[in-house]
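Below is one structure, written out as structure tokens; the observations come after it.
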Amino acid sequence: MDAITLLKNDHHTVEQLFKRFEQAGKRAHVERRQIVDRIIEEISVHAAIEEQVFYPVARATVPGTEDIALESLEEHHILKWLLLELVDMDPAHERFNAKVTVLMENVRHHIKEEERDFFPKVREQLGRNELNDLGGALANAKKSAPTRPHPRMPDAGPANVVAGAITGVVDRVGNNLSGIAQGSVSAVQDLIARLTGSDRPKVSPTGSAATRKRATEVRSATSAATEGAQETAHTVTSGAKATAKAAKAGAKGTVTTAKKATTATATTAKRAARTTSRTARAAANKTVSTAKRTASRTAAAASGSR
């Protein structure tokens, strides 16, 4: 599947979810919450693959897309904050529906601009094979893209590829961070290298020079990210392992402490039971003795009165 078709399919999926939300009753809180959860995931993944793959490739290979890509990044930034506020919002909250409505308006505006202004430029510049290669890179990026909004995470440059891969693994509760981060950066680097090769058709002398310069900058920055990706992912992995080890040790200590506390409590309870039993027997014996004495006195008194 070529890149433009893949991205348009994502747009269609999100639009269908919007329509389902609009058709759901205002008091259908459970259904609306479920739909919004799907919307959050779909937009988060879609925005991530555009930022990690589509935008940098377009900026490096398609003249006239720089401003459109930068504007799109800003629109994504706003959308992520809206999504983040919706993640844990109660669907019965008075502003839930209003917030989703604003989200839908912004996304629809963003989709319209991309499909009207951005996508045609990319399709015109790149050939069928190149669009298929780009589509394959987008599909691969989806496998490790974040499924939740992270507005504070880098959204441009090679740094967002590394951060996005690692965050995506965390969102999906997966492993093998280093391999994913390294592979994602390398994939974007290789794709840009292929699309800006010497056999590429030139749009114009000026445009070609600018494109080659931009591609060189992107490849250079991406190479730097590649070198740091392994170390970054290793640090995250080591931290996760250390945290898991500490949690395991803490859990073991908690269990041991609980066992000791249970044993001590049981011992105390037994002692208390024995003490209570002795006290009860003494009290019972005393009561019986008192009753016998009282009965004896009563009997003596009765005999004297006769």
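Model label points for Gln16 and Lys270, set 7 angstrom from Cα along the Cα-to-Cβ axis, are 6.7 nm apart. Modelled spin-label separation between Ala139 and Ala24, with each label point placed 7 Å from Cα along the Cα-to-Cβ direction: 3.1 nm. Shape summary of segment 21-115, radius of gyration then Dmax from alpha carbon positions: 15.2, 49 Å. The simple spin-label model puts a point 7 Å past each Cα toward its Cβ; for His109 and Met89 those points are separated by 1.7 nm. When peptides 20-28, 119-127 are ranked by their average number of other Cβ atoms within 10 Å per residue, the highest-first order is 119-127, 20-28. Listed peptides 49-62, 128-141 appear in the order 49-62, 128-141 once ranked by packing, highest mean of other Cβ atoms within 10 Å at the front. Students often get this wrong, so check it: of Lys8/Lys142; Lys121/Lys143; Lys26/Lys80; Lys8/Lys80, which have C-alpha atoms separated by over 18 Å? Those over the limit are Lys121/Lys143; Lys26/Lys80; Lys8/Lys80. Would you please give the FRET efficiency between Gln34 and Glu71, computed as 1/(1 + (r/R0)^6) with r the Cβ-Cβ distance and R0 = 35 Å, to the nearest 0.05? Plugging the Cβ-Cβ distance into 1/(1 + (r/R0)^6) gives 0.65.
Values in this text are rule-based calculations from the coordinates and carry no lab data. Fair warning: this is a prediction, and the values are worked out from it, not measured in the lab. No Cβ is skipped: glycine too gets one built from the backbone with ideal geometry, and neighbour counts run over all protein chains shown.
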